[in-house]
Structure formats: structure tokens, C-alpha cells
1. Read phi for every residue in the stretch B:170-182 and hand back ³J(HN,Hα) as whole Hz from Karplus 6.51 cos²θ - 1.76 cosθ + 1.60, θ = phi - 60°, with x for Gly and Pro.
2. For the pairs A:11/A:101; A:250/A:311; A:101/A:153; A:113/A:153, note any where the Cα-Cα span goes beyond 24 Å.
3. In percent, how large is the relative contact order of chain A, given Cα pairs closer than 8 Å and 6 or more residues apart?
4. So how do A:307-317, B:38-48, A:277-287 stack up, highest first, on mean other-Cβ count within 10 Å?
5. In square nanometres, what is the average projected area of the Cα convex hull of the protein assembly as shown?
6. With θ set to phi - 60° and the Karplus curve 6.51 cos²θ - 1.76 cosθ + 1.60, what are the ³J(HN,Hα) couplings of the stretch A:118-132 in order, to the nearest whole Hz, using x for Gly and Pro?
7. Between the stretch A:144-176 and the stretch A:252-330, how far is it from one alpha carbon centroid to the other, in angstrom?
8. Counting only heavy atoms of protein chains, what accessible area per residue, in Å², does the stretch B:11-100 have with a probe of 1.4 Å?
Amino acid sequence: MSELVIDRLSKHFSGTRAVADVEVAIDDGELVCLLGPSGCGKSTVLRMIAGFERPTSGRILIDGEDVVALPPDRRPTGMVFQSHALWSHMTVFQNVAFGLKLRRLSRAAIREKVAGVLDLVGLTGFEARYPGQLSGGQQQRVAIARCVVLEPKILLMDEPFSALDAHLRVRLREEVRAIQRRLGLTTIFVTHDQEEALTLADRVVVMRSGTVEQIGSPSAIYAEPATRFVAGFIGTMNIIERQVTGGLAKLGDTRIAVDGPDGIYGFALRPEDLSLGGAWSGEVQRVLDLGAFRMLDVTVSSETIKVQVDKSVRILVGDEIGLDIHEVAAFDGEGRARPARVHGTIESGVRLHA
Amino acid sequence: MTAVPRRLLQMAPGVSLATLLTGFIIVPIAAVFLWAFAEVWRYPSLIPTQWGFRFWAAMLSRADVWAALRTSIALSVIVTLFSALICLPAAYAFARLEFPGKSALLLSFLATQAFPKFGLYIAIASIFFSLGLVGTFAGVVLIQLVNTLLLMIWIPVGAFQAIDRRLEEAARDVGASATRTFLSITLPQAGPAIGAALLLTFVGTFYETEGAFLIGAPHVRTMPVLMISLINNQLVVQYGAVLSVMLWVPSFIALLFARKILSARAIAGGLGA
Ligand SMILES: Nc1ncnc2c1ncn2[C@@H]1O[C@H](COP(=O)(O)OP(=O)(O)O)[C@@H](O)[C@H]1O
Ligand SMILES: [Mg+2]
């Protein structure tokens, strides 16, 4: 039963702003991903929650209690570091038992808890190994066990799998999700990998240069990006700039109605929201076979955009094709989303269907 | 066919290095050992003509030798302990904290070492004299402490700086206080380097002569000081040789001990990231 409220949290490092007015409320048992490019302040937010950095301003409330004044060892948080940060002079058992010993548990209780958590992370039998005798994935499992065994109110994970290979990353991600669900741990997971954030999180907090761009469920972040930055950062997105005059813009022959003042807008098109058969024509530059579907690079109106087509569609490089737009998002000069919809083609005034 | 000569050729650098080392290190040590057990050894004989323990008996029956040995061991243990207590936290502060004048202070330790030792000792001796510390054990401990500062700060500073801060943060994160983190994580992580610094301090204090002589005379006599006075009084090679072997034993044991710690740690370290 733990909730975390981050209230107008800011951090300046000798004048430069690393985190500015971040506000997030995280429910009990929720897994929230902090997502953003490297250097956007994700780790700094996490380190302030854990107590390793002192906020310049703002509050951090765990179950309603402000923890900003507490040192890390007095906070009910547990952190898993990117570099696993295992103590190389201690065995797996000693690493996991260290925090329990500090809590003055009996030997029998410690042994039982360590055995339980090692079973949870699938490392039974590795008690006597030193961290250096484990693989990268096993090391990160020990780091997770070391944290989870203390039953922290808030679990903090800072890019825990970014040093591992893709295959292992996916597996550990799923294991962590299962453990987190089973124990009902309120969790903040930092990552710069949007795929990881979208598959793992209940909600995603997209950050950019120290500020929050958007908070929402993975599907909302994907389908309705609040800013041009989010649109470009999540998934594959084609962004094309056009002038909007009188609430209308032209993408090839397609007219887009925009609810906003005139000016230059960025129009965002997902590859899967484009289909063959429309009047917006271009030449295929490249065909990438991605198994379940094909991704085309198509030059239209002197811009190259990505189009996703079914794997059964036969298309060769150099083919002339026409595109139809199903969905479009528009972002104004400040990068904020504006309501937009496909209004039809210029010739017919009626939307063509493929 | 050509395998054997080629292997000999490959071994040549190693063999010549071994020969050189033997010449410069083993031969003098061997000579000292031979002298320690020689009762008669005259030119041109290659080895002593008469062996025996006469000089050992003479040495070991002297109360001042035993007293000096006790003094030396007590001095080395106490100095090493105090030095560790003072210097290790200081080294940690140097490694981890930012404060004004940090590099100047660090450099000042180097400066004391660059200063001609004897001049420094004389200056310190005159201060100690007015404090009534000359000729006392405490005085010798103090002068030796000054001596060990550089080693016990510079080596651990480097070792502490090399430790990933995340290791300490992880300890704080699971509930360890700052002190507990230092004792359970930082110190063991810096173990080999600190072990080496402790050992060098111990051995250095054991062998230090000038400071011990200036401050300790005439009441406090360490082994090296005693050795000098024995040799000054009557030049008998065997006395020096016997004392050398006696002095060599504790430091050799210490070195063996250190080697064991270091290699065990090195194995764990090599395996453990
Ligand atoms: N200890 C520090 N001192 C100075 N600047 C820092 C420090 N830690 C982080 N920063 C700066 O703060 C910004 C955010 O860093 P960080 O939170 O690590 O980003 P992220 O984890 O998103 O990659 C970066 O510009 C980084 O250079
Ligand atoms: Mg980071």
C-alpha cells in the first residue's frame, strides 16, 4: 500500500537545470516508466527519490510523508542500478543478506528470506558464487533480489537491462513485470528504450530536457502524442512540415483540416496509417522485409516517408505507388498537438478509400 | 629439428633477467645469511670455513637485543594502527569530498616527503625537546607517524577514488549508515591497496633509523638503532649479519602474509568484476 507523489521537483547542478518542475503521482502497485533520451534527467529524478541527490526544490511524498529530508538509508525505497553495483567482495548470499542483517533479523530468518528471493529470481544454488562468477543477466537478477528481499515501498530501476543483449533484455523485462505484479510493488522504471517502456509500463512519463512532456498509458502515448517530440520519440513516425492556411493543409492531393491558427505545422503519420491505392503518389526507394510486414521507403513530394504494408503485397524498388492517409496528427509551431483530420482529396473533395 | 634452439632463444631474455636478479638480490642476501652462521670465514675460501651459532648465542643472550626487538615490534604495531585510524578516514575525505584547499593539502604531504629528512627531524626534535617528548616512546611514535602520513594517505586516496560510487550508494540504499558503508563496502573494496599501505607502513617503521635515533636516544632503542650502535662500537661483521637476519624475519613474515591476502583478494577481484 504505497503511493508516490512527486510534487514540482526541480534539480539544478551548479546553475544548469537537470530537472524542472516534474509532477507525477504514482498509485499503489503501479509500474511507471520514465522514458526519454539520454541526458533528459530521468536518473536525476530517480536519484532524488532514492535520496542520492538533494532536490533544489519540490517535494517527494511516500504515502503522504515528505522524504526529502531523509538520508537514503532511512527511505523506504530500493534501487536497482544500471551497472548492477553488486559488492564484488561478497558472495551472492552475502549481497542479498546484507540489508537483512542491518535489520537485525535472526540467522534463520535471513536464510529463509534469501532462499525465497533467490528462488523468485531463479538463482537457487548460486548462493556461494561471487558476482564476478555470474553472467550479466544473473548479476542483474542478484541486484533485483537484493532490493526486493527488503520489500521496499517503492522500487526504483535505472535502466537495469540496458547493458544486456536484446534477447536477455526482453526475458528479464518480463520476469521483472511478473515479480512486480506478484509482490504488488509500486515501481518506477527508467529507460530510454521506447519499446521497453511501452511493453512494460502501466503508464509512461515521457521526459525531455528535464521536463515532463506527457503522462499516459502506453496506448494513449502511442495513439495520441501530446507533443511533436513525443510523436517523434515513440514508435516510427513520419513528420512532414506544411503550411496551414484557413485551417487547411495539403499533403500531396490530400487535404487535412486543422483546428488552429495558420502557420507551419508538423504532420505526423504512422507507417501503418498509410495504405496503398491513394492519389498521393511516389516512388519506392527501398523495401525492408520485417517478417510480419514490409516497410517501404517512398519518396513523395520530395520527402521520404515510411509506409507499412502487408507481407503479401508484391512491391519492388522503383515502383510508382499511390498512398492513402487514414490518420494524421498535427503539431503547431510550439510542438503542441492540434486536432486534425483527413478532409478529402483536392480533385473529388471526397475521401478515397483503398 | 630447429625447435630446441628456437625455444632456447625464446627463453634467453627470461634467463638473463633471472641471472641478473640472482646477481643483484640473491647473492648479497646469501652473503648476509652465510655471515650470520659463519664463525670463521677467511679469504680466499668461497664459503665459511667454520660454521656455528656462536654469534647468535652472543646476540640472543643480550637483554638489550630483546628489549630493542620488543620496542621495534610494539612501535611498528602502534604506529601502523594510529596511522590507519588517522589516515584512512582522511584519505576517504580526500577521495570523496570536495573542499577548498584540497589539492594544496594533498600536495603538502608530498612536500614533507621531498624535504630532506634529517633537517625535518632536527626541527621536529627541537619542538619535541621543549615538549619533553625526546627520549620517550610516545615521541618516537609521533615522529614515525609523521613519516607514514604520505604513504597511508596517497595510496588509499587512489584506491578509494577507484571504487565505483554506486557500490556505496547501493549499501546506503539497503539501509547502511555512512560509517557502516565505509567499513563494510569501501574498506574491503580498497582492501588490497590498503593492505599494501599498512604493510609498507609497518615495515617502514620497523626499519626507520634516523628519526628513531634522534628522538628516541638514549632511552628508546629500536632494532636498527641498536644495530648501528653495535657496529659503531666494534666492527664484527657477524653481529650485523645476525641482526640483519633477525630484522629480516618479521618483515618477511609480514610480506608472506600480505602476499597471501593480496593473491586471495586478487583472485576474488579478478573473478568479481
Ligand atoms: N552530478 C552531476 N553534476 C552535474 N551535472 C549532472 C550531474 N548528474 C547529472 N547531471 C546532468 O543532468 C542532466 C540529466 O542527467 P541524467 O539525469 O543522468 O539524465 P538521464 O538519466 O536521463 O540520461 C544531464 O545534462 C547531466 O549532464
Ligand atoms: Mg540515466
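The values are calculated or read from the model by the stated rules, or taken from the named source; none is laboratory data. Model, not experiment: these values are computed from the prediction. Methodologically, a virtual Cβ is constructed for each residue, glycine included, from the backbone with ideal geometry; neighbour enumeration extends over all protein chains shown. Just the protein is used for accessible areas: all its heavy atoms, side chains included, with ligands, DNA and RNA removed. Shrake-Rupley method; radii C 1.70, N 1.55, O 1.52, S 1.80 Å.
1. Taking θ as phi minus 60°, the curve returns 4, 5, 4, 4, 8, x, 7, 5, 4, 5, 4, 4, 4 Hz for the stretch B:170-182.
2. Beyond 24 Å: A:11/A:101; A:250/A:311.
3. Values: 778 pairs, mean separation 54.6, N = 354.
Dividing the mean separation by the residue count of chain A yields 15 percent.
4. Highest to lowest by the protection proxy: A:277-287, A:307-317, B:38-48.
5. On the way: hull surface 187.1 nm².
Dividing the Cα hull surface by four gives the mean projection, 46.8 nm².
6. Rounded to whole hertz, the list is 5, 5, 4, 9, x, 10, 4, x, 9, 3, 8, 6, 8, x, x.
7. The distance from the Cα centre of the stretch A:144-176 to that of the stretch A:252-330 comes to 38 Å.
8. 63
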